[in-house]
Amino acid sequence: MKKITSILVLFFCIQISYTTQASGPVYKDKNAPIESRIKDLVSKMNLDEKILQLNQYTAGLNTNANNIGEAVKAIPAEIGSLIYFSADPVWRNQIQKKAMEESRLGIPILFGFDVIHGYRTVYPISLGQACSWDPALVTEAAAVAAREAKLSGVDWTFSPMIDVARDPRWGRVAEGYGEDPYTNAVFGVATVKGYQGKNLNDPYSVAACLKHFVAYGMSEGGRDYRYSDVSRQSLWETYLVPYEACVKAGAATLMSSFNDISGVPGSANPYTLTEILKKRWKHDGFVVSDWDAINQLINQGVAADRKEAGLKAFTAGVEMDMTDQIYAQNFKQLIAEKKISMAKVDEAVSRVLRVKFRLGLFDKPYSTVVDESQRYLTPESKAIAQRLSAESMVLLKNEKNTLPLNSGVKQIALIGPMATDKENLLGAWSANGKESDVESISEGLNKEFGTSVKINLAKGCGFDGRDESGFAEAIAATQKSDVVLICLGEKRGWSGENASRSSIALPVIQEKLVQELRNTGKPIVLILSNGRPLELVRLEPLADAMVEIWQPGVCGGSALAGILSGRTNPSGKLSMTFPLSTGQIPTYYDMRQSARPTGGQGNYQDIPTEPLYWFGHGLSYTTFTYGTAKLSATKIKKTEKLTVEVEVTNSGNVKGTETVLWYISDPACSISRPMKELKFFEKKELTAGAKTTFKFEIDPMRDLSFVDSDGKHFLETGDFYVLVNKQKVKFEVTE
Ligand code: NOJ
């Protein structure tokens, strides 16, 4: 009897557990379709719970001086998202446990953070990454950043920044991929792929956030947080291009921008946020405001108070309020006043939940906790950083083959404020980067050359100021050396957010140091580490060679040393034009043709109009000879494709890597086109003497069409040119 009873009890228990599972809420059933889970959950949420899902608070201490937030002491268990200013997965798990176990419905929190160019394995700044022309490598780097972030408690990164930027005075040029829409699109997509992996639900995927939507790079005069006078034509053909590509690539979220887009700020702009993003592009994730961007609508003159600011942002299409707490404080009233409908709230909440479900947070809310040594800076991660740093560096000038340093060089003078620096090599927005992880230029050189070369080190001067007391030591070090490497540049805080500069020249003290060392007559190699293109008009004539290393991250020292020794042949090409002087700004390769292009009319009267280095400039230790570009046809129909190919020979003595940039030009069109537009690029390594064919398949609708001021694409018949290297080849498109 006892046995029968226990069998019955067991049977009963199994039944109960089955019934509980079978009748459990749909939103908790990991096998149910995501849309059913969202619908079920939203139907169970009360208004307070819904409103909190639309808010983001902070957790931990914020290190960004531009966004000082309160460390939230009592984080509500129902909060939608947190900016997670900590690298401790255990703390995250404690906060998450509270959300899962103490909130009524157990909705996981989404932990976000600015992972911009690496988490702990810090890579070159994005502007430098684009100079590598190696999107596959950038994907690998982003995947490592995602893994490191995920293992530190982060599910969502506020990256990539894909703001096309043509004014190097704007500090945030460091964070994007330069001046060209297509380049920003390609590297934005590469980064999104790396962060999000094959599936957002994968253990090491994080959600991407495209920012700052949109045209923030157009900030007037390069000043941050300012008005952007952007015509709808420029919006469509320049600023929206990378966003459309990244939305199509599946980017989970976007961040609305600070700037006022021709009278309607990015964070209250129904045309960009709803008409374009949600209706035309069908983005079904969510938009988070930038920090304080909703509140700032008052300063921008489109809202009288916080309540109106919240209403405008939400109605325009911003689903989540980053830290302002405007949604949290005003939505109940706005709903009661029927200014915001419940349907709209439900839709916004659904968008936030969709990203959480896609990330798998409901089913796996906690971070995996592993030892720091398994999380960060693994040999594989550093190998990627090493390659990316080396590939991003650009050999700007190399007179008389000064580089690579030849075997006759027995003593090197290593001078300048950047020579032993570590912190500034990390670059802007490297919040979790540690100075101690960085290999300095001096360490890189010592490792590269060992005892075969004597390095005579002298700082010479600081980054700025007037102190020339170190000049004498620098001159003495140079005099006893065969060559002098002068390591100059910008401090990391000189670029990035709120870091605009009226001049893009280096401070006078640095220029003066170079002048003094030039007087020694020794060959001068300038090593430049900066977050923006520089004005080099006075420095360039003093230098025999110049290497732009950007802010190269943790492996910068040895990546540079490889280039100096010749172990690595430089292959980087600029993703942003270096104007001759600040007064030339804006100057970018895809400008419109002047109405009087010949005879120098309309040019500056006091300085040349040409920049110092165009977009795409970059030298190698070998030479590449281009054959004649050949078209598969000189006339095609609109529906036909055309292939153009060019044979490239490595005509020098060493192995090298060439990136071929293919441009299109449309000389007569109903809306004038830029003089040339980059449409494709390809990078290949060639051993000395080897030749290979580079091909570009022109798809007329993709590569030859243009967009009007409302985003409609047109393809017109007529003549076009394809440009490669110094060649320009004509073809015709017919009906
Ligand atoms: C302000 C910056 O503009 C944005 O890029 C960043 O993601 C947020 N703060 C969060 O830190």
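The values are calculated or read from the model by the stated rules, or taken from the named source; none is laboratory data. Remember, predicted model here, so these are calculated numbers, not experimental data. Cβ: placed from backbone, ideal geometry, glycine included. Neighbour counts: every protein chain shown. The area values use the complete protein model at the heavy-atom level, side chains included, leaving out ligands, DNA and RNA. Shrake-Rupley method; radii C 1.70, N 1.55, O 1.52, S 1.80 Å.
Which lysines, if any, have their Cα less than 17 Å from the Cα of Lys512, not counting same-chain residues under 8 positions apart?
Lys459, Lys522
Cross-link partners among aspartates and glutamates for Lys635, C-alpha distance below 19 Å, same-chain residues fewer than 8 apart left out?
Straight-distance partners of Lys635: Glu645, Asp666, Glu697, Asp699, Asp703, Glu716, Asp719, Glu732, Glu735.
With a Förster radius of 41 Å, plug the Cβ-Cβ distance of Lys279 and Ser502 into 1/(1 + (r/R0)^6) and report the FRET value to the nearest 0.05. Spell out each step's value before the answer.
Details: r = 41 Å, r/R0 = 0.99.
Working from the Cβ atoms, E equals 0.50.
With angles folded into 0 to 90 degrees, how steeply does helix 135-150 sit against the dominant principal axis of the chain? Use alpha carbons for both and round to 10.
Approximately 40 degrees, to the nearest ten.
Evaluate the charge dipole of the range 379-568 about its Cα centre and quote only its size in Debye, nearest 20, assuming +1 on the Cβ of each Lys and Arg and -1 on the Cβ of each Asp and Glu.
Details: 21 positive and 23 negative charges, 68 e Å.
The calculation lands at about 320 debye.
Net charge near Met546: determine it from the other residues with C-beta under 11 Å of the C-beta of Met546, scoring Lys and Arg +1 and Asp and Glu -1. Present the calculation step by step, with values, prior to reporting the outcome.
On the way: positive: Lys397; negative: Glu399, Glu540, Asp544, Glu548.
Around Met546, the charge tally is -3.
For a 25 Å ceiling on Cα separation, which of these pairs sit above it: Lys410/Lys684; Lys248/Lys279; Lys211/Lys339; Lys434/Lys480; Lys198/Lys422; Lys97/Lys211? Please list the in-between numbers first.
Details: Lys410/Lys684 34 Å; Lys248/Lys279 13 Å; Lys211/Lys339 28 Å; Lys434/Lys480 35 Å; Lys198/Lys422 35 Å; Lys97/Lys211 30 Å.
Correct reply: Lys410/Lys684; Lys211/Lys339; Lys434/Lys480; Lys198/Lys422; Lys97/Lys211.
What whole-number value in Å² describes the accessible area per residue of the chain for a 1.4 Å probe?
Values: 28910 Å² over 735 residues.
Value for the chain: 39 Å² per residue.
Given 4 °C and 1.567 mPa s, compute D for the range 46-358 with the Stokes-Einstein relation, Rh being the Kirkwood radius over Cα pairs; round to the nearest whole µm²/s.
Details: Rh = 19.2 Å.
Using the Kirkwood radius from Cα pairs, D works out to 67 µm²/s.
When the helices in the chain are scored as -39500 (n - 2.57) per DSSP H run of 4 or longer and the sum is shared across all residues, what 222 nm value do you end up with, to the nearest 500 deg cm²/dmol?
On the way: 19 runs with 204 residues, N = 735.
That comes out to -8500 deg cm²/dmol.
Could you state the angle between the C-alpha long axis of helix 2-23 and the longest principal axis of the C-alpha atoms of the chain, as a value from 0 to 90 degrees rounded to the nearest 10?
Once rounded, the angle reads 60 degrees.
Of the heavy-atom accessible surface of the chain (probe 1.4 angstrom), what whole percent is carbon and sulfur? Each step should come with its number before you reach the end.
Numbers: 14940 of 28910 Å².
That share works out to 52 percent.
What do you get for chymotrypsin sites (Phe, Trp or Tyr not before Pro) in the range 604-693 restricted to DSSP loop and a cutoff of at most 13 other Cβ within 10 Å of the site's Cβ? The partial results should precede the final answer.
Working: sites: Tyr604, Tyr613, Trp614, Phe615, Tyr621, Phe624, Tyr626, Trp662, Tyr663, Phe680, Phe681; in loops: Tyr604, Trp614, Phe615, Tyr621.
Qualifying residues, ordered by number: Tyr604.
Evaluate the Debye formula for the chain with equal point scatterers sitting on the alpha carbons, no solvent, and hand back log10 of I(q)/I(0) at q = 0.08, 0.11 Å⁻¹, in q order, two decimals.
-0.68, -1.19
With r as the distance between the Cβ atoms of Ala472 and Asp40 and R0 = 45 Å, compute the FRET efficiency 1/(1 + (r/R0)^6) and round to 0.05.
Values: r = 76 Å, r/R0 = 1.69.
The value I calculate is 0.05.
Which net charge results when you count Lys and Arg as +1 and Asp and Glu as -1 among the other residues whose beta-carbon is under 12 Å from that of Asp229? Could the numbers behind the result be given before it?
Working: positive: Arg226, Arg232; negative: Glu220, Asp260.
Counting the neighbours of Asp229, the net charge comes to 0.
How do the peptides 114-123, 521-530, 161-170 rank, highest first, by the average count of neighbouring beta carbon atoms within 10 Å per residue? Spell out each step's value before the answer.
On the way: 114-123: 29.1, 521-530: 22.5, 161-170: 26.8.
Listed from highest to lowest mean packing, they are 114-123, 161-170, 521-530.
Angle between the Cα long axis of helix 508-518 and the longest principal axis of the chain, 0 to 90 degrees, nearest 10?
40 degrees
Along the charge dipole of the range 185-323, which of Ser205, Gln300, Gly222 sits closest to the positive end, that is, farthest toward it, with unit charges on the beta carbon of Lys, Arg, Asp and Glu (+1, +1, -1, -1)?
Ser205
Between the range 596-631 and the range 228-267, what's the alpha-carbon centroid distance in Å?
Rounded to whole Å, the Cα centres lie 30 Å apart.
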